[in-house]
Every structure is written in structure tokens, then in C-alpha cells.
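Inspection log for the structure reproduced underneath, given as C-alpha cells.
The numbers here are math on the coordinates, done by the rules we state, and not lab data. Since we're looking at a predicted model, the values are computed, not measured. Reconstructed Cβ throughout: ideal geometry from the backbone, glycine too, with neighbour counts over all protein chains shown.
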Amino acid sequence: MLVLLAGIFVVHIATVIMLFVSTISNVWMVSTFNSRPISSGLWLLCNETCDQLRVSSDDEASLKTVQAFMILSIIFSVIALVMFIVQLFTLEKGQRFYITGAIMLVCWLCILIGVSIYTARFTGGMEVFTNPHHGYCFILAWICFCFSFIIGILYLVLRKK
């Protein structure tokens, strides 16, 4: 049981780190323009230099929503990590990590909303560029989506021994 809790803790820390990287880095979509690589993220559009990401007025609210939900997912993931440590030392034997699991499932929901909106609104938005495809940050966000769901369910199921 101790090994399982330690493994979940390590995966949780990895999820927090991957959430930070996917939110901060600007490689959600990658393409080429005039045979130069270009990437866009949640904040900047980068080729040789990085400029503010320009979106249409129709998509501005969607981009702000994606940014907000990805930041919320980081916050909830860190809170869940702290709550796990607190509950590890305060729960009596045989009790479950309900609070940690619930917070992690809220993090999962925030990732789902943020990445789904990005997928629906921005993945086809690079038509003027050559060969657009998803970057590693987009893929990391979906991996974090899976990990946070699994971790949240495991926290709800596991008992402190």
C-alpha cells in the first residue's frame, strides 16, 4: 500500500509539472511559414521572435477561457497535492482521501474544459501556414487530463493503512 501511495504521489507531481509546462510553453500548434517553423500557444505566437498571440474578436473570449481553465487546473492540482500530504498525516487508519480525490477531479474537469475549447476553436486556425499540427504542449495537456482522472479516482478508492 505504501508503494502504491508513493507511486500515486510521484505521478501527481509529474502531472503538476506537465501542467505547468503545457500552460507556460507556446507550442500548442506547430507549422511552417515561408519554410520557417512557427508555433502558437496560449499566450504567444513564436517564429524567430515571440509576439503577442493575435486572435479575432470572436475567438478572444474562447482564448481567455482556455487560459483561465488551464491556470485553474494548475491551482487545483497543487491544492490536491498539498491536501494529500495533509491528509496523509492527519487521517486515521482506514479512512479514504475523499477531499484530495474530489479536488483532483475538479482539476480534471478544468483540463477537460480548457483543452476541449482549444481543440474546438483553435486547431483549424492556422490555414495560412503549411502543414499545421499539434505541438507537445497540447499533447501534454491531454496526458495530464488522463493522469488527473486516474489519480482522482485512485485517491477516492484508496484507504490509509
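Of note:
- Fully extending the segment from Ala102 to Asn131 would add 6.4 nm, taking 0.36 nm per residue of separation and subtracting the current Cα-Cα distance.
- Label zone of Thr123 (point 7 Å out along Cα→Cβ, amide N under 19 Å): in the range 8-48 this covers 22-23, 26-32, 39-43.
- Rounded tilt (10° steps) of 57-90 against the dominant C-alpha axis of the chain: 20
- Each label was represented as a point 7 Å from its Cα along the Cα-to-Cβ direction; for Met1 and Ala61 these points are 5.0 nm apart.
- Compared with the dominant Cα axis of the chain, that is its longest principal axis, helix 98-122 is turned about 10°.
- Computed with the Debye formula from one identical point scatterer per Cα of the range 1-160, without solvent, the log10 of I(q)/I(0) at q = 0.08, 0.09, 0.12 Å⁻¹ comes to -0.28, -0.35, -0.56.
- Every helix of 4 or more DSSP H residues in the chain counts as -39500 (n - 2.57), and over all residues that averages to -23000 deg cm²/dmol at 222 nm.
- Near the amide H of Ile38, within less than 5 Å, lie the amide hydrogens of Ser31, Thr32, Phe33, all on another chain or at least 5 residues away, with H placed in the peptide plane.
- Helix 2-24 vs. the chain, principal-axis angle (Cα, 0 to 90°, nearest 10): 20
- Using the Cβ-Cβ distance between Ala68 and Thr32 with R0 set to 45 Å, the FRET efficiency from 1/(1 + (r/R0)^6) comes to roughly 0.90.
- Here the spin labels are modelled as points 7 Å beyond Cα on the Cα-Cβ line, and at Val10 and Ser116 they lie 3.3 nm apart.
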